[in-house]
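Trainee: I am attaching a structure below and will ask some questions about it afterwards.
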Amino acid sequence: MAVLIGARSDLSMNSVSYTSKLPNLGQTIHGKKFTLDFGGKGANQCIAAQKLGADTVFIGCVGSDIFGRDIISNFERWGVDTQFITKKSVDTGVAQINVTDNGENYIIIVAGANSTLQKEDVDKAYDLLLKETSVVLFQFETPLETTEYILNKLSTANSKCCKIVNGAPAYTNSYQNILKLADIFCVNESEAEVYTNCIKKINSIETANEVLSLLLKQGCKIVIITLGSLGAVFASKDEREPQWVKVPKIENPIDTSGAGDAFLGSLAYFIVHTPNLSLYEQIRRACIIATRTVQFQGTQKSYPLKHDLPEELFNQNYINI
């Protein structure tokens, strides 16, 4: 069972505007399309894994408003266990997303109920986390104190559980202990720069590899840096030589928002369901799925179902897809 902890929206509602370009300061421009979508990093990751066939449970908070109700209904529609989602007397988290013609996105989040996730909310799922969980995914859209609390518990009571921490959004003064407690620490290039105090700008595979080394020196066990169209690089404290995972090139991406979440949800799925594969191969397959999503608009609705993907992608052995 994969358990997905955290999230801002789904445990957030995403307000998405599609436009040719971003406005300058003080400028008003016309957009092309507007949608309300379900989102939130943890929620996106959860839905991505669930659509591939994982058994998922979400632990988080929503507000006592229509957005919170709709978010829970959406989870239940896809089969996600929602028994540990707590309703709070605050607004549900929201995100404002602008997507330009070249597929790039710019996002502002308001955490809302997500910022209220406390230790006692997580303790309700204590037995599940300790006895039935294979992977737990964390994000930084909920209080870091709560994240560190459950990471500590899992580290001592469920050593077989893989703890993946997605360090997004990035904090300049993050809890150093969280990086050490995570089995896998995953960030994109801009987030990686923040965690290394922007010592090195990532503008190539070589500079990405240098930043990998800096993150490992902070105590991380395994670090993955996602690089968009360039794929991903990763290394570990035991195998410090960086490895580059390439992805198929997409000439005209439509919408890149949520692709990183699709990657993490897919990675969690492959860690649980293809344990015999190398981490390189698990990352490669997750990259293939994430790359597919940028060819469609939206976040969760762009995530594929298992039967929409090549059967070879779920083979227990290595195969060139």
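Trainee: Counting only residues that are hydrophobic (A, V, I, L, M, F, W, C), give me the strands (runs of 3 or more DSSP E) lying completely in segment 194-269 with at least 3 of them.
Mentor: Details: elements: 222-226, 232-236, 243-245.
Where strands (runs of 3 or more DSSP E) fall fully within segment 194-269 and carry at least 3 residues being hydrophobic (A, V, I, L, M, F, W, C), they are 222-226, 232-236.
Trainee: Okay, next question. Only one of these is exposed (fewer than 13 other Cβ atoms within 10 Å of the Cβ), under 21 Å from the mean Cα position of the chain (by Cα) and of a type outside the set (S, T, N, Q): P310, P253, P275. Name it.
Mentor: On inspection, the qualifying residue turns out to be P275.
Trainee: Oh, and also: From (1) open to solvent by 50 Å² or more (accessible area, probe 1.4 Å); (2) of a type outside the set (G, A, S); (3) out of contact with any Phe, Trp or Tyr (no Cβ under 9 Å at 6 or more places or on another chain); (4) under 24 Å from N44 (Cβ atoms), pick out the condition that doesn't hold for K301.
Mentor: Every listed condition holds for K301 apart from (3).
Trainee: Go over the candidates K33, K51 one by one and state the one that is at pLDDT 95 or above and farther than 25 Å from L144 by Cα.
Mentor: Exactly one residue qualifies, and that residue is K51.
Trainee: Scan the helices (runs of 4 or more DSSP H) fully inside segment 94-162 and keep the ones with 1 or more residues being at pLDDT 90 or above and surrounded by 14 or more Cβ atoms within 10 Å (Cβ to Cβ).
Mentor: Here the list reads 119-123, 144-157.
Trainee: OK, next. Do you know which residues across segment 248-273 are at pLDDT 95 or above and of a type in the set (S, T, Y)?
Mentor: Listed by number, the residues that qualify are S266, Y269.
Trainee: Might you check whether a residue that is polar (S, T, N, Q) and under 29 Å from P275 (Cβ atoms) occurs anywhere in segment 112-129? Can you show your working first?
Mentor: Looking only at segment 112-129, we keep the residues that are polar (S, T, N, Q), and these are 114-116, 118.
Within this subset, residues satisfying the condition of being under 29 Å from P275 (Cβ atoms) are none.
So far as segment 112-129 goes, no, none of its residues is polar (S, T, N, Q) and under 29 Å from P275 (Cβ atoms).
The values are calculated or read from the model by the stated rules, or taken from the named source; none is laboratory data. The structure displayed is predicted, hence computed values, not measured ones. Please note: Cβ atoms are built from the backbone with ideal geometry, for glycine as well, and neighbour counts cover all protein chains shown. Ligands, DNA and RNA are excluded from the accessible area calculation, which covers all protein heavy atoms including side chains. Shrake-Rupley method; radii C 1.70, N 1.55, O 1.52, S 1.80 Å.
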